[in-house]
Structures are given as structure tokens and as C-alpha cells.
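The values are calculated or read from the model by the stated rules, or taken from the named source; none is laboratory data. All values derive from a computational prediction rather than experimental measurement. Cβ sites come from the backbone with ideal geometry, for glycine too, and all protein chains shown count toward neighbours. Only protein heavy atoms, including side chains, enter the accessible area calculation; ligands, DNA and RNA are left aside. Shrake-Rupley method; radii C 1.70, N 1.55, O 1.52, S 1.80 Å.
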Amino acid sequence: MINRNKAEAQEGSVAAVNHGNGPQSIDNSTTIRLGGLVNLAETATGAIVFDPVAMREAILSIDHSLESINDSQSDFDIIDVEKKNKLNGLTQEYYDEFISINYEPYFLELDVFLKQRENEDLQKKVHNIVASLNRKIFIKRKNFDTFEDLLTSIEEALLESEFKSLQGKEYTISFFLYYLYACCLIGKKTDEEKKC
């Protein structure tokens, strides 16, 4: 049954965007993607669409090793963070109050973990996530007031899409996204970062 404002989808149909599990209702606010794109997550503003499964797998791998990562703080030397934040529109106050205190001391350990030989598959996943996400961030950045809004929107879309697997892992999701930002993997790069 299809009418102007509502469509019902049967299991396995193109309109069944909820992983094909039983009948679903779709209204005018639902985005329908054809083919293999059906299971993508989209930020609240609809600006950034990404593969939540790939990001979930990376997050779960990091979360599994997080206890050993959080055992030792280190000084993660990144290029002029104030300049980077200004370039990307991430407020310095947000960086100082949240990222710098709660996440930055562990970035070096995560960096070492990701570069270990036994994590080559995870490195490839992260590389693919970064390639896709950074391009979309560059194109859609203007749809967000601040860069922290953009990162929070990605976190929320991922949690909504993969809640069963990622429930209680909000810290790890934020840690992963902030690490990508601090390592200059997502967001605009300063001139100094481009030379690295």
C-alpha cells in the first residue's frame, strides 16, 4: 500500500531500509537508498553519509584494546592546535575543556596501537573510513555551525545506526573521532601539517 505520505515496505524490499527486518513504515522524512547503499548512516542534518559498519568494526577493535591504551598517558605533540582549530571551526574552549583533558593524553598510544603489524586490517579500515569521511566533511562542512557539531553529529548517527553493538561505547567513538582530527586525518590541514 502506497499513498502520498506513507509507504509500507515488505521484508527484503528496496524500501526496507531497516536491514530488511520485517515490515517498516517510511514517511517523507526517510531517505531511501538503492542497492548496497541501503545501510548507510546519515547525520541529523543529512549532510554526511557514511558506512556505520566499517566505523563500528574499527571502534570495537579500539574499544577492545582501550584498557591498555588508557593505562599510560603521553604527550601527543601535534602541530599548532589553536591554528588548526581556527581553520576548522572547532572552538578552542571545547578543545581545551574536553579533547585536551580527556582524550589527547592517550592519542599517542592509540597511534602506536594502530600502526602495529598485527593491526594491518584495522589500518586499512581506518584508511578507508578516513578517505571517505574526510572528503564528505570537506564538502559538507558548511552545514554545521562548529566542527564539534559536525563530530557530534557523526557520533550520534553512528550510535543510532549501530546502537546494539556500540551501546555504552560513546567514549571510544569520541576518542576515535578526536584522534582522527588531532592526527590531521580529518578536517582541513594547516600549511605545516601539509608539509608532514
Open item on the list: Consider segment 76-115. How many of its residues are among the aliphatic types (A, V, I, L, M) and open to solvent by less than 30 Å² (accessible area, probe 1.4 Å)?
Closed with: 4
TODO: Would you tally the residues in segment 116-135 being open to solvent by 50 Å² or more (accessible area, probe 1.4 Å) and closer than 23 Å to L60 by Cβ?
DONE: 11
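Say whether the condition of being among the β-branched types (V, I, T) and more than 15 Å from the chain's Cα centre (by Cα) is met by at least one residue in segment 94-109.
As a first pass, look at segment 94-109 and keep what is among the β-branched types (V, I, T): 99, 101.
Okay, now just the ones that are also more than 15 Å from the chain's Cα centre (by Cα), so 99, 101.
Checked segment 94-109: at least one residue is among the β-branched types (V, I, T) and more than 15 Å from the chain's Cα centre (by Cα).
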Task: Whichever residue in segment 164-196 is among the hydroxyl-bearing types (S, T, Y) and closer than 19 Å to D96 by Cβ and, among such residues, is surrounded by the fewest Cβ atoms within 10 Å (Cβ to Cβ) - done: Y171
Open item on the list: Every residue in segment 181-196 that is under 13 Å from the mean Cα position of the chain (by Cα) and not in a helix (DSSP H, G or I), please.
Closed with: L185, I186, G187
Task: Pair list, Cβ under 8 Å, 6 or more apart: segment 97-108 residue over 16 Å from I62 (Cβ atoms), other residue among the hydrophobic types (A, V, I, L, M, F, W, C) and loosely packed, with under 15 Cβ neighbours inside 10 Å - done: none
Open item on the list: Between a residue in segment 177-196 that is farther than 17 Å from M55 by Cβ and any residue that is buried (at least 17 other Cβ atoms within 10 Å of the Cβ) and of a type outside the set (D, E, K, R), which pairs come within a Cβ distance under 6 Å, given they are 6 or more apart or on different chains?
Closed with: A182/F107; K188/N88; E193/C184
